[in-house]
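One structure is given below, encoded as structure tokens.
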Amino acid sequence: MFQYEAPEGARLIQVWINGKEWTVPEGLTLIQAMWYTGHEVIHGIGCLGGVCGACAAVYRMPGNFRLFNALACQTLVKEGMAFSLIASYPTQRAHYDIETLPDPKEGLFELYPESATCRNCNACTEVCPQGIDVRTSVWQAAFGDFKGVAESTMSCVMCGLCVSRCIAEMAPHEIALYARRAYGSRELPFPENLRHRIDAVHSGSFDRDLERLSHLSLEELKQECGVK
Amino acid sequence: MTPSTPYDHLPEFDPTEPVKIDPLDRKNLLDRYYPDYRTDHKSTLMVGPNAGDIVPDEIAEILQSRSLLGKGRSNEIPAQPDIEVDLLIIGGGGAGMTAAIFAQESGARVLLATKLRVGDSNTVMAEGGIQVALGEDDSPVQHFKDAYRGGHFTGDPELLSVLVKEGPDIIGWLIRKGVLFDRDPTGNLSLRKGGGTTRHRLISAKDYTGLEIIRVLKEDLLNSGVTIWEFSPAVELLQGPEGSCAGAILRDVDNGSLKWVKAKSVLLATGGTGRLHIGSFATSNHFGATGDGLVMSYRLGARLVNMESFQYHPTGVIYPSEMAGMLITEAVRGAGARMFNAHGKRFVPELETRDVVAAAIIRECEEGRGVRTPSGHSGVYLDLTSIDRDMGEGTVARRFPNIVKLMGKHQVDCTVQPILVYPTLHYQNGGVSVDVSGHTSIPGLYVAGEVSGGVHGKNRLMGNSLLEVFVYGRRVGLIASQESSARKPFSWHEVSLGHVSRFEADLEKEFPGTPLSEAPVLFPDYRKHPDNTMA
Ligand SMILES: Cc1cc2nc3c(=O)[nH]c(=O)nc-3n(C[C@H](O)[C@H](O)[C@H](O)COP(=O)(O)OP(=O)(O)OC[C@H]3O[C@@H](n4cnc5c(N)ncnc54)[C@H](O)[C@@H]3O)c2cc1C
Ligand code: SF4
Ligand code: SF4
Ligand code: FES
């Protein structure tokens with residue numbers, strides 16, 4: 001059976017998982033170190049590929065007062081590291097239908113009134129494992145620059161780490177999601193090439209050809225589709 | 001001591017063009033080295049609707065397996081179900097989420113049960129994009145032809161026809177929900193070229209296509225009123241009158257309790273099988289991709305198709321070992337990346353089809369021309385530096401920022417160093433046999449997404465599976481909810497696990513006294529056990 005392996009001859013190091021000390025080889029991710037020590041990980045794991053945001057973690061390093069954050073599936077253990085998963089961070093989420101909101105710009109302040117209360121501490125930006133300038137995105141949203149939000153937050157994995165730090169009790173990633181959706185659904189014009197094609201499909205332009213293909217024998221179909 | 005790495009002694013890379021492959025060599029190469037065509041690690045199924053089919057050992061093991069519920073379960077059926085719904089959807093990836101939103105809108109009472117959180121799936125990981133025929137020179141008909149040819153003429157024409165025809169409409173739905181696909185300067189959707197297609201037809205959201213879609217759909221799903229049970233994988237389907245499906249048993253992973261669901265329609269959307277590590281390959285798939293839907297439906301008598309056919313993506317990371325299986329997109333070879341064996345020689349035209357490139361890499365490694373990794377595997381070099389040399393300094397960083405970022409986190413600077421790759425188990429081509437309405441051979445049981453089989457035949461082209469997930473998610477979600485209201489009422493007393501007992505009796509006959517695995521697998525186990533050392 002396939003197994004994730006540490007390199008042969010890897011150095012053994014001490015780490016603290018949920019406050020308990022363990023010895024693990026260097027070269028494992030935080031999640032792999034948990035497996036290595038026999039932990040079953042179900043909450044706090046999703047894609048294992050750095051995109052789903054299920055595996056948010058906090059850690060400290062010896063002799064350093066700072067609290068670090070990371071995605072546990074993408075971060076390697078280091079000597080002396082003490083870490084815990086934050087599998088779920090409670091978050092407030094607004095209820096809306098993006099297609100029928102009367103005024104998406106105003107809607108932001110009705111749905112997320114706290115979005116105007118940023119105190120500029122920048123903790124959200126510092127914590128973001130994706131390197132997003134979260135603080136700027138919050139201001140862009142508040143000033144109605146939804147296009148700016150869309151550009152600056154595209155790589156957000158919705159891990160919620162920014163929420164854990166915000167002194168204004170915001171959920172910056174939810175605000176960003178709202179702004180991106182409003183931009184895509186309500187500000188950007190519907191793409192012409194798509195509209196054109198949808199109309200053509202609805203008016204039956206391709207029905208005859210598709211119908212014809214479906215009545216061909218397998219040999220005929222192969223002939224017809226075989227040529228590039 | 002720092003362990004030695006494959007970067008300690010890089011060979012000199014010889015840029016000489018690799019030799020072209022003629023059709024006969026191609027066939028020989030595939031037959032000898034592509035896992036699907038090889039005869040090792042294969043078993044013939046002895047029990048169930050596909051008895052006689054030859055499939056990989058790992059697939060045979062989960063299909064011919066015992067129930068997780070253990071013995072003596074038949075008297076355990078509770079007096080009442082825990083919940084009764086019109087439509088039970090099993091699996092919260094792209095297909096399940098789409099089905100749930102549409103079914104709920106159509107008025108059905110819907111329960112969506114999923115293994116991890118909603119959206120933790122293969123769908124969220126999709127990078128490349130979705131095929132939809134929008135170009136002036138393109139049409140759904142052309143899309144059909146490319147997909148049919150790409151599937152080596154083994155796809156189901158009817159399923160394909162629906163896929164290409166309903167494609168544009170469902171993309172429109174995603175856009176109205178606020179999904180931000182890349183646009184060209186005129187505001188049209190940008191169309192890129194994907195492997196095996198004759199037209200520019202791939203739409204994407206940078207290299208975050210799946211993530212962007214899941215973020216949006218998840219928010220609407222959570223707001224939709226659909227009942228959602230997370231961390232509640234299905235472990236068995238329930239049988240109703242006349243061999244129909246009547247619901248499922250879910251297991252709450254936090255307290256181990258079983259939840260009995262009575263449903264007029266059941267839609268399986270449990271996705272793929274990468275985490276079974278067929279042939280011991282690493283995988284690009286999410287943690288929950290263990291083929292559970294195949295196991296449960298097979299026990300109930302559903303027929304499967306093309307279960308011998310899988311897609312091994314040629315360029316998965318093999319070193320550093322903690323990244324094993326992670327995908328390096330095909331686009332890097334499109335941009336001019338080259339591959340070298342341990343002797344620094346190119347060994348296959350880099351723009352050959354996925355299966356040929358994968359087979360060639362396996363050949364190099366099996367014949368001793370692979371690069372050994374410290375954990376004892378082999379791979380070949382995928383060198384991106386030629387991209388910068390050909391197209392100008394900084395091209396790699398600009399076009400593939402995500403790869404540069406992820407590799408960088410693991411101390412590989414792929415703008416100056418090659419990446420070590422080996423094929424990774426990526427996609428299940430086959431699955432539960434369906435018609436254009438998502439019907440299986442079992443009344444009341446519907447299937448959508450990667451767990452289904454037929455539409456792509458024995459090979460899927462990049463971008464067609466995401467399209468399938470949304471087209472069929474909507475379609476089957478609506479049909480399953482409509483047909484649930486037309487279904488003849490049945491009582492809880494008619495519900496049983498008779499199919500499981502019968503299946504296990506057949507197993508006992510065929511494999512007397514043999515210890516068999518239990519399935520569905522639910523979660524792969526990478527923990528270090530006394531008999532399973534990791535270091
Ligand atoms: C890394 C990667 C990149 C890809 N890139 C592309 C691309 O660019 N274009 C493209 O078209 N395709 C791509 N694909 C393929 C495509 O993403 C998938 O085929 C598709 O998303 C499958 O969708 P699905 O809804 O059927 O399954 P999934 O999205 O995998 O969802 C299945 C869900 O069911 C859950 N589940 C499993 N078992 C159970 C159970 N027993 N009970 C309850 N729930 C269960 C799973 O946890 C998961 O949430 C890619 C795949 C991967 C892995
Ligand atoms: S913006 Fe917030 S939720 Fe998004 S990735 Fe950064 S920390 Fe995580
Ligand atoms: S953490 Fe909150 S208050 Fe601080 S900068 Fe970010 S959004 Fe503003
Ligand atoms: S498990 Fe998905 S980001 Fe780490």
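Looking at (1) within 28 Å of B:VAL124 (Cβ to Cβ); (2) in contact with a Ser or Thr (Cβ under 7 Å, 6 or more places away or on another chain); (3) within 12 Å of chain B (Cβ to nearest Cβ), which is the only condition A:TYR89 fails?
(3)
Looking only at residues that are more than 14 Å from chain B (Cβ to nearest Cβ) and under 14 Å from A:LEU177 (Cβ atoms) in the stretch A:92-136, which one is nearest to ligand 1 (Cβ to nearest atom)?
Here the residue is A:VAL134.
Cβ-Cβ distance below 7 Å, separation of 6 or more or different chains: which pairs start in the stretch A:158-175 with a residue that is over 15 Å from A:GLN140 (Cα atoms) and open to solvent by 30 Å² or more (accessible area, probe 1.4 Å) and end on one that is away from ligand 1 (no atom under 16 Å from the Cβ) and not in a helix (DSSP H, G or I)?
A:SER164/A:ILE86; A:SER164/A:TYR89; A:ILE167/A:ARG119; A:ILE167/A:CYS121
Do you know which residues across the stretch B:135-144 are part of a helix (DSSP H, G or I) and either without any contact (Cβ under 8 Å) to a residue 12 or more places away in the chain or buried (at least 24 other Cβ atoms within 10 Å of the Cβ) (or both)?
B:PRO140, B:HIS143, B:PHE144, listed by residue number.
Kindly indicate which of B:VAL164, B:VAL110, B:VAL132, B:VAL124 is within 7 Å of chain A (Cβ to nearest Cβ) and surrounded by 24 or more Cβ atoms within 10 Å (Cβ to Cβ).
After ruling out the rest, the residue left standing is B:VAL124.
Test each condition in (1) more than 14 Å from ligand 3 (Cβ to nearest atom); (2) out of contact with any Lys or Arg (no Cβ under 8 Å at 6 or more places or on another chain) for A:ILE175 and report the one that comes out false.
Looking at each condition in turn, A:ILE175 falls short on (1).
So, of the residues in the stretch A:184-228 that are more than 7 Å from chain B (Cβ to nearest Cβ) and hydroxyl-bearing (Ser, Thr, Tyr), which turns out to be nearest to B:THR154 (Cα to Cα)?
A:SER217
Mind listing whichever residues of the stretch B:175-192 are facing another protein chain (nearest Cβ under 7 Å) and closer than 16 Å to B:GLU136 by Cβ?
B:GLY187, B:ASN188, B:LEU189
Do you know which of the residues in the stretch A:107-123 that are among the polar types (S, T, N, Q) and either exposed (fewer than 15 other Cβ atoms within 10 Å of the Cβ) or not assigned by TED's automatic domain parsing to the domain that holds A:ASP145 (or both) is farthest from A:THR136 (Cα to Cα)?
Going through the qualifying residues, I end up with A:THR117.
Across the stretch B:456-469, what is the number of residues that are modelled with pLDDT of 95 or more and either within 14 Å of chain A (Cβ to nearest Cβ) or within 16 Å of ligand 3 (Cβ to nearest atom) (or both)?
Final tally of qualifying residues: 1.
Considering only residues that are surrounded by 16 or more Cβ atoms within 10 Å (Cβ to Cβ) and either assigned by TED's automatic domain parsing to the domain that holds B:ARG303 or part of a loop (DSSP other than H, G, I, E, B) (or both), which ones fall in the stretch B:27-41?
B:TYR34, B:PRO35, B:ASP36, B:ARG38
Determine whether B:GLU510 is more than 30 Å from A:GLU40 (Cβ to Cβ), open to solvent by 50 Å² or more (accessible area, probe 1.4 Å) and not assigned by TED's automatic domain parsing to the domain that holds B:ALA289.
yes
When you check B:THR415 against the structure, is it closer than 30 Å to B:ARG369 by Cβ, free of Cβ contacts under 8 Å to residues at least 40 places away in the same chain, buried (at least 18 other Cβ atoms within 10 Å of the Cβ) and touching a Gly at 6+ places or on another chain (Cβ under 9 Å), yes or no?
Against the criterion (closer than 30 Å to B:ARG369 by Cβ, free of Cβ contacts under 8 Å to residues at least 40 places away in the same chain, buried (at least 18 other Cβ atoms within 10 Å of the Cβ) and touching a Gly at 6+ places or on another chain (Cβ under 9 Å)), B:THR415 qualifies.
Here are some residues: A:ILE167, A:ILE132. Which one is assigned to a loop (DSSP other than H, G, I, E, B) and in contact with a Ser or Thr (Cβ under 7 Å, 6 or more places away or on another chain)?
Every option except A:ILE132 fails the conditions.
Please determine, by comparing only the residues of the stretch A:136-149 that are within 20 Å of the chain's Cα centre (by Cα) and open to solvent by less than 70 Å² (accessible area, probe 1.4 Å), which one is farthest from ligand 3 (Cβ to nearest atom).
If we take residues in the stretch A:136-149 being within 20 Å of the chain's Cα centre (by Cα) and open to solvent by less than 70 Å² (accessible area, probe 1.4 Å), then A:PHE146 is farthest from ligand 3 (Cβ to nearest atom).
Checking the conditions here, which among A:GLU79, A:GLU126 is within 23 Å of the chain's Cα centre (by Cα), open to solvent by 70 Å² or more (accessible area, probe 1.4 Å) and under 23 Å from B:HIS410 (Cα atoms)?
Matching residue, one of A:GLU79, A:GLU126: A:GLU126.
The values are calculated or read from the model by the stated rules, or taken from the named source; none is laboratory data. Just so you know, these numbers come straight off a predicted model, no measurement behind them. We place every Cβ from the backbone using ideal geometry, glycine too, and count neighbours over all the protein chains shown. To get the accessible areas, we keep the full protein, side chains included, count just its heavy atoms, and leave off ligands, DNA and RNA. Shrake-Rupley method; radii C 1.70, N 1.55, O 1.52, S 1.80 Å.
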